[in-house]
Amino acid sequence: MTQKRPKARTPADHILKGIRLGPGEQETLRLYFSEGADAIVSDDQKFLNWLDSHNVPYLTPAAVLVLLVERDILSRRRAKAALEKLRPYIRDEQYERARQDVQRRERNS
């Protein structure tokens, strides 16, 4: 008879116990904790609400574009083009906020 040791528990396993999240969201949390990531990137509003209620930092894809512009990694022109491609897939308020943030960066440059 062979005994197997239980896999090491992660903070995600404790948090995920009894929580109804999809397999993609569960794997995202496991990866976040195992890698010691700074934040999770997601556009799933239910997941974002869950992250918010559990104090897990997150960014939306639109917010990532703004951050890249602020850090001079992505040009404003390319950020605007990427934001337009995202537009059909994100909430109007996310689009507008990101667009305004990119424009504000343009005026401040």
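Among the trypsin sites (Lys or Arg not before Pro) in region 14-90, those placed in a DSSP loop whose Cβ has at most 13 other Cβ atoms within 10 Å are K17, R20, R71. Distant-in-sequence amide contacts of I40, defined by a placed amide H-H separation under 5 Å and a gap of 5 or more residues or a different chain, comprise Y58, L59. When only alpha carbons are used to place a centre, region 21-37 and region 55-109 end up 24 Å from one another.
Taking all C-alpha pairs of region 61-108, those more than 18 Å from each other amount to 16 percent.
Place a point 7 Å from Cα of D52 in the direction of its Cβ. Which residues in region 78-101 have their backbone N less than 12 Å from it? Residues 94 fall inside that zone. Taking the Cα centre of region 11-59 as reference, the dipole from Cβ charges on Lys and Arg (+1) and Asp and Glu (-1) amounts to some 220 debye. Phi-derived couplings, Karplus 6.51 cos²θ - 1.76 cosθ + 1.60 at θ = phi - 60°, listed residue by residue for region 92-103: 4, 5, 5, 4, 4, 5, 5, 4, 5, 5, 5, 5 Hz, with x used for Gly and Pro.
Computed from the coordinates by the stated procedures, all read-outs in this text should not be read as laboratory data. What you see is a predicted model; the values in this text were computed from it and never measured. For neighbour counting, all protein chains shown are included, and Cβ atoms are generated from backbone atoms with ideal geometry for every residue, glycine included.
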